[in-house]
Each structure stands twice: as C-alpha cells, then as structure tokens.
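FYI, it's all coordinate maths here, none of it is from the lab. Every value quoted in this text rests on a predicted model; they were computed, and no experiment measured them. Because the Cβ atoms are built from the backbone with ideal geometry, glycine has one as well, and the counts that use them run over all protein chains shown.
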Ligand code: C2O
C-alpha cells in the first residue's frame, strides 16, 4: 500500500439551514466534512489541527486499528482531546478491510457537524464481488439542530430530562424540499439511464435509526460496515446510527428528465419524542439528447416508507444480511468460546441530586447503563493509564460479567431500576474468543440500541425477542454465514448474540451509537492485553499524543 496524507483544519463556519444561519464546527470549512479515500493496505496520515474553542477528537468509525489504538479517537478512552491551537496526527493502516466507513468527532455532541465518509477501495487490480458500478456516490444521513447542540446536551444532562429533538434530518447535509425554506437545500443525484450506481450509505444521524428508499427503484444490498454480504434486493433499507450500507442502484432505461424522490425517516420503537419528519433528495435522469423536452409523463414520485414502528419490516430486513462466507471472503466466526458475557442494555433512572429539580419521571434523572453500570468518563485517557499501568484512581476491572439482578425483561420492570456509576472495564487476555449476549431491558421503554464496538468486527450469531434463553437459543446460532459488522441493533424488547476474537491489544470502547444514550452512560470498555510475540503488542504512544 501507499501512504496518503490529509489535513483536517478544525474551524468554525457559517452555514444556513431552515432559514437560519449558524456558526458550526467543521473540517476545512466543509459540511459534511471531506471524504477520506484509500485502498486496502494503505497507510493514512491525517493531521488534525484544532482552531476552535471546543476540545476535539476524531474517530475513524469501523477502522479496526489493528495495533494502532492510539489513533482510534474516542475522548478520554484512547486519547486526551486536542485542545485549541494543538494538533495530533492520526496514523494508521487499513488492514483487511474494504468498503464504506465514516469518520466523526468523538467528544460530547460535536459529531453532529463533524463527520464525513471513508471510502476504502479494494487493492489495486482487485475487483468488487459485484458488477463494477458506473459511478460511486456517498449518501450520508445526519441531523440538524437550529440551536447549539452542545448547549442542548449539557442542559439535558443537568436537568436529567431528555434533550430537544433535532429540527431536521439531512442527506449529505441538506434537509430537502419537505422542510421549510429548504427547496434549494435538497440533495440531487443526477444519473444516466441504464447504469449501475454504488450508493455508499452512512447513518451519521445522532439519535435515530432510519428507513431509506428511492421511489420506483430496486436496491441491491452488497455490503454492510465495510464487509461484503450476499447480495439481496429490497425497496427499502434500514440503517442504525453507526452503520454503513452499500447498495447498487440500477437506473431504468428510458426516463428522460424524470425525477424520483429518495427519502429517509426514523424507525423508532421508544418513547414518541422523536422527530417523525422526512428528509428528501432527488434522483434526476439526464436527458438523453438535447432535443428532448421536459416531459410530464413521469411526475415526482415519492417512495413508500414503513411506519415508524414497523418492527416486522425491521426484523425481516436484518435477517437478510448474511456474510458472503466464500473461499475468497470467509466468515471467520469463532467456533469455540473462551468467555461468555451477558449484558443488559437500556435506560434507567438515577436519584435526583439534592437541591436540584430533575425532569425525569418522579423527579429522577434519566440514565442509561450496561449491566446497571452507568459509565463515568475519566479525566485522563484510559489507554495511557492501561499502557503505563496506572489504573489507580482511574478505573477498576470489576465490570460485571452478568447483570447484578435478573428479572423478566419483557414484563413489568422491577421497582428498583437505579443504576450505579463507575469507570469499570473488562480485562481480556490476548486472543480471547468472546461471546456476548446483549439484552434490551425495557425498564423505561423497549427501544432498539445500536451497539458499536471499537477495534473489532463481530459476528451477529443470533437474535430474538423476549428473554434470552441460554439453554435453547444457542442451538439456533448461525456460525456459517452471520453478518460481520461493527454496529448492531439490539432489538427492542429482545436480544442479540455476537462473537469476536480479542486479537487487537488496546482499550476498546463499546457504546450505544444513539448519542443521547451514550451521554446517559450506555457505554463500557474492554481492555485487551498484549500477546507474547512482538506482533501481538501495542506499540508505544506517538510523541504528539495530546495531554489532558
Ligand atoms: Cu462511531 Cu464510538 O463511535
């Protein structure tokens, strides 16, 4: 591979959406941010210079960071933030991955405007396992708030209530023509008839899983989270925050001047406080020659999207996602398991601090947890503490392997749903084969949680509704061609089982990719020890690693 250099200047920029101008944090003044492009095997050297008042870190979401954990990016997990006037060079190699991923800020809610696509092409001379597309187009979903999102989340954390929902969803930063004053701010994809386009779809929205569809067009899913899948056709895709999906779009043969709408709107199973609006883009066919007139034969067609709580569609869509699992792209599902974990994930409540009024139910504070532990972000970076053996006063290694108390997760929640707080981690010896079952607790409400694991891809070997049954359910696990990914939706009122091999030494964050749940504590940390050989050890930190 070759080395590719990028420079990310973090700078403020005025951007107008929904009739209001806002000063937002950007990379190089662009919104969404610049595209990173590389081939499998290339080294990326990205210098991030912080020129704004906010502390910043950038995460290369889904990049495995094999023995390059110092470049992973989550604030206070693998690095201290880059402060104003400082810079940090993220230096890593793309090993064994090709497809679509994305980068985003990984501190507070800054990723609302700091995100962009990562396109990893196959090695030179290596073809896709599907027809070579005529053109490739990134499609990034996002969310737009008129107000300052940092203020919104800080206020929510202080009052203990839910934060304001966004004012619009966006496609490539544009809300689209269904929103006020947004006719001009509509993403337009101009296509030629009879061609195949590869749409690299990224859900960079903060808090909502989304349905996406293009009127009158079939989509073929060929890859998720930068792993090829067995191609399947669908009219609609479902994508959670943190996931990426590559789809082939075959354009029709004779549609001069025709326009079709593409839309995305949320799949939401939780409380009704979500933005049920729709973001829209336009698929526009080029006229085949100069003398065709604008025809009215094909009116603007809208795609049909499922209703917001269509769990039947969601379940059947997710079931279709299977690894290629062929000789060229095998599915290396760990067959034996060294360590089993059972994590409950969900919302909970904390007592309201004295002399404060909280906006949660019965004057409580909303919290979220894994096994009833609401993760507390330390003041120093965990990877440094781990690397230099300085855990004292920073973290403890007693993260519970099982929930502290079991109950019927689908029935009435127990009265005591209070969570404990702490910076607790799980230690894993190098090369431990892990099986993890995550169960949605429905304590406040049943909700699907997109769980994202840093540093690894995992295999989604099973999922179901109701309570996970450890004596029956494993018999139905798919160890042949399960989806391999970095973010999985734990179904609302159900569970998901994943397996991964802990072959990447370092400190790896795992959290719900709904930013509001992360803020409330739905996050935890795996620490993977070095192996014996030099190839199994994490190298020392780079000299410019920021200090806290
Ligand atoms: Cu895309 Cu830890 O995040």
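Quick notes on this one:
- Ranked 5, 511, criterion: other C-beta atoms within 10 Å, fewest first: 5, 511
- Region 339-536: Cα Rg divided by the 2.2 N^0.38 Å rule of thumb: 1.04
- Beta-bridge orientation, the chain: approximately 70 percent antiparallel, per DSSP, counting only bridges with both partners inside.
- Normalised by 2.2 N^0.38 Å, where N is the number of residues, the alpha-carbon radius of gyration of region 1-127 equals 1.07.
- Ratio Rg/Rh [Cα only; Rh per Kirkwood] for region 124-272: 1.02
- The packing ranking, built from the mean of other Cβ atoms within 10 Å per residue, places the peptides 300-313, 72-85 in the order 72-85, 300-313, highest first.
- If you sort the three axes of the alpha carbon gyration tensor as a ≥ b ≥ c, you get a/c of 1.5 or more for region 60-163 and a/b no higher than b/c, which makes it oblate.
- One Cα centroid belongs to region 143-199, the other to region 467-543; the line between them spans 29 Å.
- Efficiency of FRET from Cβ geometry, residue 421 and residue 392, R₀ 22 Å, rounded to 0.05: 0.75
- Peptides 246-255, 396-405, 343-352 ordered by packing proxy, namely the average of other Cβ atoms within 10 Å per residue, highest first: 343-352, 246-255, 396-405.
- The residues 498, 165, when put in order of fewest to most other Cβ atoms within 10 Å, stand as 165, 498.
- nm² value of the averaged projected area, convex hull over the Cα atoms of region 467-548: 9.0 nm²
- Computed [θ] at 222 nm, deg cm²/dmol, the chain (DSSP H ≥ 4; -39,500 (n - 2.57); rounded to nearest 500): -1500 deg cm²/dmol
- Between helix 149-159 and the chain: long-axis angle, C-alpha atoms, 0 to 90°, nearest 10: 40 degrees
- The Rg/Rh ratio for the chain is 0.95, where Rg is the radius of gyration of the alpha carbons and Rh is the Kirkwood radius.
- Residues 487, 357, ranked from the fewest to the most other C-beta atoms within 10 Å, line up as 357, 487.
- Rounded to 5, percent antiparallel among DSSP beta bridges of region 6-79: 60 percent
- Computed over region 305-369, the Cα gyration tensor eigenvalues convert (square root of 5λ each) into semi-axes of 41, 22, 9 Å, ordered from largest to smallest.
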